[in-house]
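Notes for the one structure printed next.
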């Protein structure tokens, strides 16, 4: 049972993790170029849309920063309150990324930030998830299908490697699936575009 001071520390750490999640590199980079990332491409403030709208350099910066803020948030949780702090910060930083108050609750889909948080919480879970996403993406040639596959399997992987994290993993998965709902609809209807550098058929047509 936590005492009053410990509860206050946890609340402060979770709040800090949430606001770390609010940092949106794609939004900041786009604004510096006079672009509203929410009105360009897919309208998502994540790596894939940063690549479409601003190119490789912006996409790499977006990916690295989104992962790092997940890592930093969870390490902060570990230092302040041990495992319970780390697990709570995994959820808090992802929610801050998905629904950032400083950007009117319009954020990204949470995949890269969740990966960073998992990397700090339990590296094995993170690496298993990365492998699942990579294999599903390479087979389907669609990043969204790779992401959705990893999301769906996250609770099972958590239950296998860190059972006490399963409840939070379920919440993470539900939130990310909600954010991917448009991708899921397009996948069901066969309308989700393939990644250009993996689309062999498209390359052959252009040759």
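Miscellaneous remarks
- Being modelled with pLDDT under 90, within 27 Å of residue 194 (Cβ to Cβ) and part of a helix (DSSP H, G or I) is a property that does not hold for residue 44.
- Members of segment 8-67 that are in contact (Cβ under 8 Å) with a residue 40 or more places away in the chain, crowded, with 20+ Cβ neighbours inside 10 Å and over 20 Å from residue 102 (Cα atoms): 48
- Meets criteria (in contact (Cβ under 8 Å) with a residue 24 or more places away in the chain, within 22 Å of residue 88 (Cα to Cα) and in contact with a helix residue (DSSP H, G or I) (Cβ under 9 Å, 6 or more places away or on another chain)) for residue 184: no
- All told, residue 72 falls short of being part of a helix (DSSP H, G or I) and crowded, with 21+ Cβ neighbours inside 10 Å.
The values are calculated or read from the model by the stated rules, or taken from the named source; none is laboratory data. This one's a predicted model, so the numbers in the text were calculated from it and none came from an experiment. Using ideal geometry, Cβ is built from the backbone for each residue, glycine included, and neighbour counts are taken over all protein chains shown.
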